[in-house]
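Working notes for the structure below.
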Amino acid sequence: MFKLFFALLLLFSCTQDSLPRIKVKELGGRSLYLTELKGKKTLIYVWSRTCAGHSKDLRELNKMVGERRDYRIVSYAVAMEEEDVKKSYKELGIEPKFITLVDTEVKLGEYFPITFLPSTYLFDERGRLVKSVPGLGGF
C-alpha cells in the first residue's frame, strides 16, 4: 500500500517538462497553442506589469532577437489583457521584434510553477524544458 501511495504522490507532484497544449493569443489576436512553438529552441520570458525588472528585460529581448538567432524569443504576458500589454510597450518605448503571447488566465502556471516574476524558460527544439531561471537570467 505504501508503494502505491508513494507512486501516486510522485506522479502528481511532477511538473510538466515540455510545452503544454495551452491556447493563448498573440498580440494582434491570432490564437495558437504553445505546442506550435516546437521545432526551434525557444526562450519564453514570462512577465506582468506588476513585476519588477521587466522594463529592462523587455528592452534586452529586442536586442536578443538579432543576437540569438538560434532561439525563438517570446514575451509571455500573464494576468494581463492585450490592451495592457500594448500600453506597457508604449510606456516603455518598445516596438517589439519578438513574439508576444497573452495569457490572461495564467494557464502556464498550471504546468510550470511560476514562483518569480519575471521568469525565463528555455525549451529545446522538441519542446522540452531545458532550464528555468528568475528574471532574464543573463541569457
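Only the coordinates and a few stated rules stand behind these numbers; no lab work does. If you're wondering where the values come from, they're calculated on a predicted model, not measured in any experiment. Reconstructed Cβ throughout: ideal geometry from the backbone, glycine too, with neighbour counts over all protein chains shown.
Among Glu91, Glu36, Glu26, the largest mean-square fluctuation in a Gaussian network model of the chain (Cα springs under 10 Å) belongs to Glu91. Using only the Cα atoms of segment 35-87, build the gyration tensor, take square roots of its eigenvalues as a ≥ b ≥ c, and label the shape rounded, prolate or oblate: rounded if a/c is under 1.5, else prolate if a/b is larger than b/c, else oblate. Cα axes put segment 35-87 in the oblate bin. Bridging of Lys23 to lysines at a Cα separation below 23 Å is possible for Lys38, Lys40, Lys41, Lys86, Lys87, Lys97, Lys107, Lys131, once same-chain residues fewer than 8 apart are set aside. Rounded to the nearest Hz, the phi-derived 3J(HN,Hα) couplings of segment 74-85 under the Karplus curve 6.51 cos²θ - 1.76 cosθ + 1.60 (θ = phi - 60°) are 10, 8, 10, 8, 10, 6, 9, 8, 4, 5, 5, 5, where x marks glycine and proline. In the chain, the longest principal axis of the Cα atoms and the axis of helix 2-13 are about 10 degrees apart. Our helix-only sum for the chain, with -39,500 (n - 2.57) per DSSP H run of n ≥ 4 divided by its residues, gives a mean residue ellipticity at 222 nm of -8500 deg cm²/dmol.
What is the angle, in °, between the Cα long axis of helix 54-67 and the longest principal axis of the Cα atoms in the chain? Nearest 10 is fine, range 0 to 90. In the chain, helix 54-67 runs at an angle near 80 degrees to the longest axis. Taking Cα centre as origin and charging only the Cβ of basic (Lys, Arg, +1) and acidic (Asp, Glu, -1) residues, the dipole magnitude of the chain rounds to 380 debye.
Would the chain count as rounded, prolate or oblate if I go by the C-alpha gyration tensor, calling it rounded below 1.5 in a/c and otherwise prolate when a/b exceeds b/c, oblate otherwise? Prolate, since a/c reaches 1.5 and a/b exceeds b/c. Restricting segment 44-139 to trypsin sites (Lys or Arg not before Pro) that sit in a DSSP loop and have at most 16 other Cβ atoms within 10 Å of their own Cβ leaves Arg49, Arg68, Arg69, Lys97, Arg126.
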